[in-house]
1. Starting from the amide H of A45, placed 1.01 Å from N in the peptide plane, find each other amide H under 5 Å away whose residue is 5 or more places distant or on another chain.
2. Can you find, among W60, Q16, H112, the residue farthest towards the positive end of the dipole of the chain? Put +1 on the C-beta of Lys and Arg, -1 on that of Asp and Glu.
3. Arrange F129, F34 by Cβ neighbour counts within 10 Å, fewest through most, would you?
4. Can you compute 3J(HN,Hα) from phi for each residue in the stretch 23-34, using the Karplus curve 6.51 cos²θ - 1.76 cosθ + 1.60 with θ = phi - 60°, rounded to whole Hz and x for Gly and Pro?
5. Mind pulling the angle between the C-alpha long axis of helix 47-63 and the longest principal axis of the chain? Nearest 10 degrees, somewhere in 0 to 90.
6. Find out how many positive minus negative residues lie around S28, taking Lys and Arg as positive, Asp and Glu as negative, among other residues whose Cβ is under 10 Å from that of S28.
7. Where both residues lie in the chain, what percent of DSSP beta bridges are antiparallel, nearest 5?
8. I'd like the Karplus ³J(HN,Hα) series for the stretch 104-113: coefficients 6.51, -1.76, 1.60, θ = phi - 60°, whole numbers in Hz, and an x wherever there's a Gly or Pro.
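A short reminder: the numbers here are calculations on the coordinates, not readings from a lab. From a predicted model like this one, the values you see are computed outputs, not experimental measurements. Neighbour counts are summed over all protein chains in view; Cβ atoms, including those assigned to glycine, are modelled from backbone coordinates with ideal geometry.
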Amino acid sequence: MPTSSVVQEFFQRYEQSRNSFDPALVDSLYPDAFMFAGPAGARVADKAVVLAGLPKGHAWLRTLGHTTTRLASLHETSLDGSYAMVRAKFVWRFEKTPAPIDVDVETTFIVHLTDGAPKIVFQHESEDFRQALRAQGVLE
């Protein structure tokens, strides 16, 4: 099934949010509370806490040489009229010496589709981001 234009445009904004770290843009992607899951388990994330941590996270990534994050692939599965599961692959680029390093990160999202304004209600990272950075030599 092809990705709908609404979901495609939404994840283009998500990609932009990972490059700009613009709090207003990140705010538009999530409801006030959402679920986040990864190898260590699941938790409820509070959007206000996430937004407050953006500047620190952005600064940390810049110290590692982060320059861009690119949406490499997107696959949507409709769950019903209000929800879709979206599998996405992002490529995080770090400018390191002697050559740039690309880190692939695969994420599965459950998106609530309401009034043409999707929101991420569940986000599952297939691997720990810091571990992925270590495996690729970005983080020691």
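1. F34, M35, F36
2. Highest projection toward the positive end goes to W60.
3. Numbers: F129 15, F34 20.
The order, fewest Cβ neighbours first, is F129, F34.
4. With the stated coefficients, the stretch 23-34 comes to x, 5, 5, 4, 4, 6, 8, 10, x, 4, 9, 8 Hz.
5. For helix 47-63, the angle is close to 30 degrees.
6. Numbers: positive: R13, K119; negative: D22, D27.
So the environment of S28 carries a net charge of 0.
7. Values: 35 of 38 bridges.
DSSP beta bridges in the chain are roughly 90 percent antiparallel.
8. Per-residue couplings from phi come out as 7, 10, 9, 9, 10, 10, 10, 10, 8, 9 Hz.
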